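Taking it in order: structure first as structure tokens, then the write-up.
We did not get these values from a lab; they are worked out from the coordinates using the rules stated. Just so it is clear, the structure is predicted and the values come from calculations on it, not from any experiment. Cβ: placed from backbone, ideal geometry, glycine included. Neighbour counts: every protein chain shown.
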């Protein structure tokens, strides 16, 4: 199945906790956007997110980090679409007093969150986007 991916830099507005820590729910926002793209590609409609059945936060995310969120449809029902998601950190800040804007590309992406859930597109709204598969 086709994947969808978005890459986004976490801003200081995304930071919710001390030390520039980003709330984990921001990863779920990204997964929602990825799910929407997948549904548009498959059904020609944004659909609705029915719910997550698993969410695991693996590593902290900070303001300045670049995050890649990916998703794929793993099962297609009559109106339901089962999906799996992952988010990885690909760039992080290394700022110090001498170089406050220093950053580095990570040699290997760091898993920050994985999740799975189900979206629904009512039959009457399924118009067929570009076929996935």
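Quick notes
- Failed condition for residue 112, given (1) more than 22 Å from residue 51 (Cβ to Cβ); (2) not in a loop (DSSP other than H, G, I, E, B): (1)
- Test result for residue 82, more than 30 Å from residue 128 (Cβ to Cβ) and surrounded by fewer than 17 Cβ atoms within 10 Å (Cβ to Cβ): no
- Meets criteria (touching a strand residue (DSSP E or B) at 6+ places or on another chain (Cβ under 8 Å) and surrounded by fewer than 15 Cβ atoms within 10 Å (Cβ to Cβ)) for residue 56: yes
- Residue within the range 87-101 that is closer than 23 Å to residue 118 by Cβ and either outside any strand (DSSP E or B) or in contact with a helix residue (DSSP H, G or I) (Cβ under 8 Å, 6 or more places away or on another chain) (or both) present: yes
- Hits in the range 1-38 - residues which are in contact with a strand residue (DSSP E or B) (Cβ under 8 Å, 6 or more places away or on another chain) and assigned to a loop (DSSP other than H, G, I, E, B): 1, 2, 10, 14, 23, 24
- Those residues of the range 63-86 which are under 20 Å from residue 27 (Cβ atoms) and not in a strand (DSSP E or B), in sequence order: 63, 64, 65
- Hits in the range 1-32 (condition: surrounded by 16 or more Cβ atoms within 10 Å (Cβ to Cβ) and touching a helix residue (DSSP H, G or I) at 6+ places or on another chain (Cβ under 9 Å)): 4, 8, 10, 14
- Candidates 115, 35, filtered to the one that is farther than 24 Å from residue 18 by Cα, out of contact with any helix residue (DSSP H, G or I) (no Cβ under 7 Å at 6 or more places or on another chain), buried (at least 17 other Cβ atoms within 10 Å of the Cβ) and in contact (Cβ under 8 Å) with a residue 12 or more places away in the chain: 35
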